[in-house]
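Heads up: the structure comes next, in structure tokens.
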Amino acid sequence: MFCRELNRGKCKTYLIACERTGRAALIDPLRENTARYIAVAAYHRFRFEYAIDTHTHADHRSGTWDIADLTDAKVVMEHHAPAPHVNVHVKDGDILELGDLRAKILFTPGHTPDGISLYVDGYLFTGDTLLIGGTGRADFAGGDSGQQYDAITAKLFTLPDETLVFPAHDYRGNHHSTIGREKTSNPRVAGHSRDEYISIMNNLGLPLPDKIQESLLSNQSAIEDDSMKFPDVAQLNQVHQITVSELRERLAGGTPPVIIDVREPEEYSDELGHIRGSRLVPLKVLPAKTCELENFKNREVVAVCRAGVRSTTAAAILTALGFENVTNLKGGMVEWNEAGLPIERD
Ligand SMILES: [Fe+2]
């Protein structure tokens with residue numbers, strides 16, 4: 001297997017390929033390096049099959065969509081990933097075929113709810129779940145240090161000791177590690193109980209990364225328009241949440257809420273479908289279309305999307321524009337489907 005890290009910085013992007021067939025994948029590409037990745041692949045006569053994000057990144061703009069635009073690559077993310085334009089949603093245990101290679105997907109949430117690791121031919125790409133001598137922080141929205149401990153100890157640490165570990169970040173100039181080494185010497189995990197790990201992670205006191213809001217919100221929505229004004233953290237935190245069962249009850253009542261679905265048109269009729277009676281107003285055109293929604297300013301409005309992340313942004317935008325009663329469907333259409341509630345597809 002061909003494997004090379006392409007950034008030589010703190011953020012790692014891996015190019016992996018089957019050397020016999022030239023089928024290749026990029027793991028965690030940075031948007032600003034798109035041209036470089038395509039040039040390297042052309043030099044080796046590789047053909048991109050997949051552009052994979054191990055999770056929704058908070059510290060850089062993802063390059064997966066640009067790579068997919070310019071090559072035949074399909075964008076791959078975990079099933080809970082909030083972003084649109086993902087071509088392949090994967091779940092735990094799925095296999096991605098890459099020529100003669102088989103990449104096994106391990107669902108490893110905790111750093112984010114949509115974290116995966118990839119196990120290919122003795123190489124393990126751990127995203128920000130397991131770092132060399134560390135672990136990815138779990139204090140961003142949706143992070144869960146207990147889940148992260150379980151993913152690391154019950155999933156990653158059951159792989160053979162000689163498995164090579166390639167994380168998405170490294171701040172100390174390391175190249176790779178092994179499962180055996182991390183199991184015995186990773187200071188955050190080795191010899192620590194789940195409770196001890198949670199307490200370590202709760203007390204890291206790390207500052208937020210630069211440009212976190214810009215990177216996170218553009219990666220969650222795949223909006224690349226730099227003029228888009230995203231709400232700030234305080235506005236997002238004030239958004240009221242409604243659960244799928246609460247919404248189902250509200251819809252059955254006398255004055256049902258107005259549902260605004262902020263996904264892309266192709267998602268509205270994809271396998272997750274949409275809620276009957278909802279109106280489609282994609283997030284990227286929402287600020288321009290609010291005049292069409294004027295009549296609903298005093299009504300109860302519920303914003304809906306794939307995973308409840310883009311719709312939180314939408315709810316904050318509508319609230320700031322004077323809509324009086326806006327809530328967000330927590331977990332979005334993913335949870336609506338998981339609850340077995342009815343959907344429409346056309
Ligand atoms: Fe990350």
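The values are calculated or read from the model by the stated rules, or taken from the named source; none is laboratory data. Predicted, not measured: the structure shown is a model, and the values here were computed from it. No Cβ is skipped: glycine too gets one built from the backbone with ideal geometry, and neighbour counts run over all protein chains shown. Heads up: the accessible areas ignore ligands, DNA and RNA and are worked out on the full protein's heavy atoms, side chains in. Shrake-Rupley method; radii C 1.70, N 1.55, O 1.52, S 1.80 Å.
Just a few scattered comments:
- Low-density loop positions, trypsin sites (Lys or Arg not before Pro), region 98-184 - DSSP coil, at most 12 other Cβ in 10 Å: Arg172
- Near the amide H of Ile242, within less than 5 Å, lie the amide hydrogens of Asn328, Leu329, Lys330, all on another chain or at least 5 residues away, with H placed in the peptide plane.
- Under 14 Å, Cβ to Cβ, from Leu96 - net charge with Lys/Arg +1 and Asp/Glu -1: -3
- With 31 Å as the limit on Cα-Cα distance, the pairs of Lys12/Lys155; Lys155/Lys284; Lys10/Lys104 that go past it are Lys155/Lys284.
- For region 73-85, 3J(HN,Hα) per residue [Karplus equation, 6.51 cos²θ - 1.76 cosθ + 1.60, θ = phi - 60°, Hz, x = Gly/Pro]: 4, 9, 7, 10, 8, 6, 3, 7, 4, x, 5, x, 6
- Carbon-plus-sulfur accessible fraction, the chain (probe radius 1.4 Å, protein heavy atoms only): 48%.
- With N counted as the residues of the chain, its alpha-carbon radius of gyration over 2.2 N^0.38 Å works out to 1.02.
- DSSP loop GluC sites (Glu not before Pro) with at most 10 other Cβ within 10 Å excluded, longest remaining stretch of the chain: 1-161
- Residues of type lysines that Lys289 reaches as a straight line, Cα spacing below 20 Å, ignoring anything fewer than 8 places off in the same chain: Lys229, Lys297
- In order along region 197-205, the Karplus-derived 3J(HN,Hα) couplings, from 6.51 cos²θ - 1.76 cosθ + 1.60 at θ = phi - 60°, round to 4, 4, 5, 4, 5, 6, 10, 6, x Hz, and Gly and Pro are given as x.
- Charging the Cβ of each Asp and Glu at -1 and of each Lys and Arg at +1, and nothing else, the dipole of the chain about its Cα centre rounds to 420 debye.
- J(HN,Hα) series, region 248-262, from Karplus relation 6.51 cos²θ - 1.76 cosθ + 1.60, nearest Hz, glycine and proline x: 4, 5, 4, 5, 7, x, x, 10, x, x, 7, 9, 10, 9, 9
- Rounded to 5, the percent of DSSP beta bridges in the chain classed as antiparallel: 50 percent
- Each label was represented as a point 7 Å from its Cα along the Cα-to-Cβ direction; for Leu70 and Ala320 these points are 3.1 nm apart.
- q = 0.09, 0.10, 0.16, 0.18 Å⁻¹: log10 I(q)/I(0) that the Debye formula gives for region 1-112, counting C-alpha atoms only: -0.21, -0.25, -0.68, -0.87
- Residue-averaged [θ]222 nm for the chain, counting only DSSP H segments that reach four residues, each worth -39500 (n - 2.57): -6500 deg cm²/dmol
- Projected onto its three principal axes, the C-alpha set of region 260-332 covers 33, 22, 21 Å, listed from the longest axis down.
- GNM top mover of Val309, Val40, Val326 - the chain, alpha-carbon springs below 10 Å: Val40
- About its Cα centre, region 140-269 has a charge dipole of approximately 460 debye under the convention of +1 per Lys or Arg Cβ and -1 per Asp or Glu Cβ, with nothing else charged.
- Label separation (Ala339 vs Ile95): 3.6 nm, computed from points 7 Å beyond Cα along the C-beta direction.
- Ordered by 1.4 Å accessible area with all protein chains kept, Asp59, Asp28 run largest first as Asp59, Asp28.
- Take every pair of alpha-carbon atoms less than 8 Å apart whose residues are at least six positions apart; their mean separation over the length of region 200-323 yields a relative contact order of 30 percent.
- The residues packed around Asp161, meaning those with a beta-carbon under 10 Å from its beta-carbon, carry a net charge of 0 if Lys and Arg are +1 and Asp and Glu are -1.
- Dipole-positive endmost among Pro265, Ile242, Val301 within region 164-307 (Cβ charges, Cα centre): Ile242
- For Pro342, the shell of other residues with beta-carbons less than 10 Å away shows a net charge of +1, using +1 for Lys and Arg and -1 for Asp and Glu.
- Charge dipole magnitude, Cβ of K and R +1, D and E -1 - region 75-200, Cα centre, debye nearest 20: 200 debye
- Fraction of beta bridges assigned by DSSP in region 73-171 that are antiparallel (%, nearest 5): 65 percent
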